[in-house]
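Structure first, commentary second.
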Amino acid sequence: MLYIGIDLGTSAVKLLLMDGNGEIKKIVSKEYPLFFPNPGWSEQNPEDWFEQSMNGLKELTAECDKSQIAGISFGGQMHGLVVLDEEDNVIRPAILWNDGRTGEETEYLNTVVGKETLSKYTANIAFAGFTAPKILWMKRHEPERFQKIKKIMLPKDYLAYRLCGTFCTDVSDASGMLLMDVKNKCWSKEMLEICSITEEQLPKLYESYEVVGSLKKNIAEELGMTEEVKVIAGAGDNAAAAVGTGTVGEGMCNISLGTSGTIFISSKKFKVDENNALHSFAHADGNYHLMGCMLSAASCNKWWSEEILKTTDFVNEQAGITKLGENNVFYLPYLMGERSPHNDPKVRAAFIGMSMDTTREEMTQAVLEGVAFGLRDSLEVARSLGINIARTKICGGGAKSPLWKKIIANVMNVKVEVIESEEGPALGAAMLAAVGCGEYPDVETATKQFVKTIDTVEPEKELVEKYEERYQKFKNIYPAVKNLF
């Protein structure tokens with residue numbers, strides 16, 4: 001049978017077709033616009049998502065036997081606010097994860113309601129990108145529109161609703177709304193009261209691999225598929241990507257070096273750190289995960305190389321770096337502020353430790369090391385909870401750099417595993433579809449079939465010791481400079 005994964009990203013929707021053995025048959029990508037109506041705002045039109053997803057599905061399946069398509073599932077940009085009225089019309093453009101308009105609402109939740117109370121209700125604290133602050137913003141600034149709200153959903157769930165008619169979401173994506181009791185996987189009545197909404201306005205909660213419906217007749221006819229094609233709940237993009245890298249079960253780890261950077265740790269037990277430095281979310285495998293998110297990761301290297309050094313030749317730029325563990329230059333990787341573990345939107349990037357003999361190579365090295373040190377900050381929080389990480393998968397654009405992988409292995413003292421096929425949330429979504437359709441009994445079994453390690457970067461004892469000394473210095477820099485911002 002054939003399975004489709006739809007990754008609803010911020011700039012494009014990526015669609016992937018695979019068979020039951022995990023062989024990828026075709027990948028299609030369709031772009032749509034992003035709107036910035038005011039400084040710091042970020043919006044999209046949900047109809048654009050649906051239209052381009054339908055176009056993508058037609059192109060993706062044009063040459064295959066459509067009778068073999070068994071299921072469709074999703075990975076999607078998290079935290080976005082999509083609101084419909086009683087006639088299922090979109091009330092306003094979707095407010096996205098990277099929208100910064102909710103500063104006052106976030107401050108209200110964290111200080112007036114209180115971080116300790118929020119953590120008790122949801123296992124997390126408020127961030128500007130989360131959904132609950134957006135609902136409060138709408139209530140305050142667009143009261144007439146707020147009164148019309150009949151359905152509140154996340155971006156990928158709008159696609160599911162249009163395809164099968166089921167008002168649903170999954171627990172991994174819902175974890176990022178600040179409306180769900182993550183430990184018990186149910187909506188938090190206290191948070192609904194704080195946001196002046198009802199449970200009837202929120203979708204039914206499913207596990208990521210559960211079937212939520214099948215294609216509506218008119219959709220099936222337009223796509224040339226049968227109405228028997230199942231629609232599976234899907235997951236938030238990070239959880240779906242983790243499925244695609246085999247980061248499921250107990251104590252597995254994945255590091256993503258994309259524009260932003262994440263460290264994702266799967267767990268069979270619910271965990272939360274006392275300072276809420278890490279996100280504590282439900283996972284797509286039916287369990288839980290902790291996640292640290294850096295707002296700038298590979299984008300630090302891109303900024304340094306392209307904007308400052310005026311080069312796109314990343315390979316040659318890194319070729320002259322030979323003195324690992326001996327750099328006296330430090331770089332704070334906070335170009336856009338920082339989320340995990342500092343939750344400080346005002347802090348900014350900085351170089352520290354230059355002297356008259358500092359070289360270009362040392363500055364470049366400091367950028368790569370700074371991102372690794374920043375990710376280790378989150379790893380240390382996980383270790384404080386008794387989680388022992390000995391190895392990690394790695395993905396994202398930055399993972400193409402052999403040097404960066406070596407730095408991460410030694411800064412964190414973990415084995416870094418490179419996987420064969422890195423297709424992110426789209427692959428994870430297709431795997432969830434396969435599980436939902438019964439091809440595999442559970443997500444963990446599916447990942448063992450699909451995910452193959454092709455290379456492992458081992459930490460080196462001498463380098464680990466050198467980087468341990470460097471990290472102890474690095475972690476003192478942020479507390480020393482944060483008041484400057």
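For the reader, a short list of remarks on this structure follows.
- Selection status of Lys14, of a type in the set (Lys, Arg), touching a Ser or Thr at 6+ places or on another chain (Cβ under 7 Å) and in the same structural domain as Ser73 (by TED's automatic domain parsing): yes
- Residues that are over 22 Å from Ile263 (Cα atoms), part of a loop (DSSP other than H, G, I, E, B) and aliphatic (A, V, I, L, M) within the range 317-364 comprise Ile321, Leu324, Val329, Met354, Met356, listed in sequence order.
- Out of Cys186, Cys168, sole residue that is closer than 27 Å to Gly428 by Cβ, assigned by TED's automatic domain parsing to the domain that holds Glu43, touching a Lys or Arg at 6+ places or on another chain (Cβ under 7 Å) and not basic (Lys, Arg): Cys168
- For the range 428-445, a residue qualifies if it is touching a residue at least 60 places away in the same chain (Cβ under 8 Å) and out of contact with any Leu (no Cβ under 8 Å at 6 or more places or on another chain), and the qualifying residues are Gly428, Met431, Leu432, Ala433, Ala434, Val435, Gly436, Cys437, Glu439, Asp442, Glu444.
- All of (1) within 24 Å of Leu295 (Cα to Cα); (2) surrounded by fewer than 22 Cβ atoms within 10 Å (Cβ to Cβ); (3) modelled with pLDDT of 95 or more hold for Ser42 with one exception: (3).
- Counting only residues that are farther than 27 Å from Ala277 by Cα and either among the small types (Gly, Ala, Ser) or in contact with a Cys (Cβ under 6 Å, 6 or more places away or on another chain) (or both), the range 326-361 holds 2 of them.
- Under the condition of being over 30 Å from Lys302 (Cα atoms) and either in the same structural domain as Ala390 (by TED's automatic domain parsing) or surrounded by fewer than 20 Cβ atoms within 10 Å (Cβ to Cβ) (or both), the residues counted in the range 409-438 number 1.
- Options Ser296, Ser305; residue that is in contact with a Pro (Cβ under 9 Å, 6 or more places away or on another chain) and either part of a loop (DSSP other than H, G, I, E, B) or not aromatic (Phe, Trp, Tyr) (or both): Ser296
- Criterion applied to Leu324, Leu309, Leu332 was being among the hydrophobic types (A, V, I, L, M, F, W, C), assigned by TED's automatic domain parsing to the domain that holds Ile407 and farther than 30 Å from Ser266 by Cβ, and the one residue passing it is Leu309.
- Looking across Lys452, Lys406, one residue alone is over 20 Å from His283 (Cα atoms), buried (at least 16 other Cβ atoms within 10 Å of the Cβ), in contact (Cβ under 8 Å) with a residue 12 or more places away in the chain and not hydrophobic (A, V, I, L, M, F, W, C). It is Lys406.
- Test: residue in the range 53-70 that is assigned by TED's automatic domain parsing to the domain that holds Ala126, in contact with a Phe, Trp or Tyr (Cβ under 6 Å, 6 or more places away or on another chain) and not small (Gly, Ala, Ser): no
- Asp173 in contact with a strand residue (DSSP E or B) (Cβ under 6 Å, 6 or more places away or on another chain) and crowded, with 22+ Cβ neighbours inside 10 Å: yes
- Criterion (at positive phi, at pLDDT 95 or above and not basic (Lys, Arg)) met by exactly one of Gly176, Gly165: Gly165
- Residue match in the range 388-406 (condition: among the polar types (S, T, N, Q) and closer than 20 Å to Glu338 by Cβ): no
- Checking Glu86, Glu31 one by one, the residue that is touching a residue at least 40 places away in the same chain (Cβ under 8 Å), in the same structural domain as Val13 (by TED's automatic domain parsing) and farther than 21 Å from Met177 by Cα is Glu86 and no other.
- Against the test of being of a type outside the set (Ser, Thr, Tyr) and under 19 Å from Asn483 (Cβ atoms), the options Leu324, Leu332 yield a single qualifying residue, Leu332.
- Sole residue being of a type in the set (A, V, I, L, M, F, W, C), more than 25 Å from Gln318 (Cβ to Cβ) and outside the structural domain of Lys26 (by TED's automatic domain parsing), chosen from Ile389, Ile477: Ile389
- The residue pairs whose first member lies in the range 367-385 and is more than 14 Å from Ser260 (Cα to Cα), whose second member is of a type in the set (A, V, I, L, M) and in a helix (DSSP H, G or I), and whose beta carbons are closer than 9 Å, counting only pairs six or more residues apart or on different chains, are Glu369/Ile407; Glu369/Val411; Phe373/Val411; Arg376/Ile408; Arg376/Val411; Arg376/Met412; Leu379/Met412.
- Verdict on Trp49 being closer than 30 Å to Gly103 by Cα, aromatic (Phe, Trp, Tyr), under 23 Å from the mean Cα position of the chain (by Cα) and part of a helix (DSSP H, G or I): yes
- Filtering the range 57-116 to residues that are assigned to a strand (DSSP E or B) and within 25 Å of Met336 (Cβ to Cβ) leaves Gly75, Gly76, Leu81, Val82, Ala94, Ile95.
- Exclusive hit being farther than 30 Å from Ile72 by Cα and not in a helix (DSSP H, G or I), set Phe127, Phe146: Phe127
The values are calculated or read from the model by the stated rules, or taken from the named source; none is laboratory data. All of these numbers come straight from a predicted model, not from anything done at the bench. Cβ: placed from backbone, ideal geometry, glycine included. Neighbour counts: every protein chain shown.
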